[in-house]
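A short write-up of the structure that comes next.
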Amino acid sequence: MVSDYNVQSDEELEALLERQYREILRKRAELERLKREREAEELRRAEILRRILTPEARERLANLRLVRPEFARMVEDQLITLALQGRVRTPITDEELKELLAELYERTRREYRISIREK
């Protein structure tokens, strides 16, 4: 009777381990697929930016990405959108990019006010 229990318990344990293993493999495959999709999307973005920006403008954007990655991503998204809609003349020069950056900076800039109140 005890040996029947152990055999059944071992079979259940093996089945459970097999299910967990398959689930881990499925999740791993899904993560790998998502990673490949992200990499492909980044390659598409880089190719579009390479086509619509001059080398100097790309360099400026790369420098901006080092300092303010979120802002650089927003600029890239906007440039790509404008280019895909045909609303921007390409290639975008460094001077044009500087103007766009100044405009976007003014729109997104936050003013911080610090007031110290003494009691």
Selection count, segment 58-91, where residues are modelled with pLDDT of 95 or more and either in contact with a Pro (Cβ under 9 Å, 6 or more places away or on another chain) or part of a loop (DSSP other than H, G, I, E, B) (or both)
0
Mind listing just one residue for me: the one in segment 74-88 that is in contact with a helix residue (DSSP H, G or I) (Cβ under 8 Å, 6 or more places away or on another chain) and not hydrophobic (A, V, I, L, M, F, W, C) and, of those, surrounded by the most Cβ atoms within 10 Å (Cβ to Cβ)?
GLU76
Kindly list, by first and then second residue, each pair from a residue in segment 83-104 that is farther than 12 Å from THR54 by Cα to a residue that is of a type outside the set (A, V, I, L, M) and modelled with pLDDT under 90, limited to pairs with Cβ atoms under 7 Å and residues at least 6 apart or on different chains.
ALA83/THR90
Please go through (1) under 17 Å from ALA102 (Cα atoms); (2) surrounded by 11 or more Cβ atoms within 10 Å (Cβ to Cβ) for THR54 and return the number of the only condition it doesn't satisfy.
(1)
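Quick grid of which residues meet (1) outside any helix (DSSP H, G or I); (2) at pLDDT 95 or above; (3) under 30 Å from ILE80 (Cα atoms):
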site	(1), (2), (3)
ASP4	no, no, no
GLU18	no, yes, no
ARG28	no, yes, no
ALA40	no, yes, yes
ILE48	no, no, yes
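The values are calculated or read from the model by the stated rules, or taken from the named source; none is laboratory data. Here the structure is a predicted model, which means the values were calculated and not measured. Please note: Cβ atoms are built from the backbone with ideal geometry, for glycine as well, and neighbour counts cover all protein chains shown.
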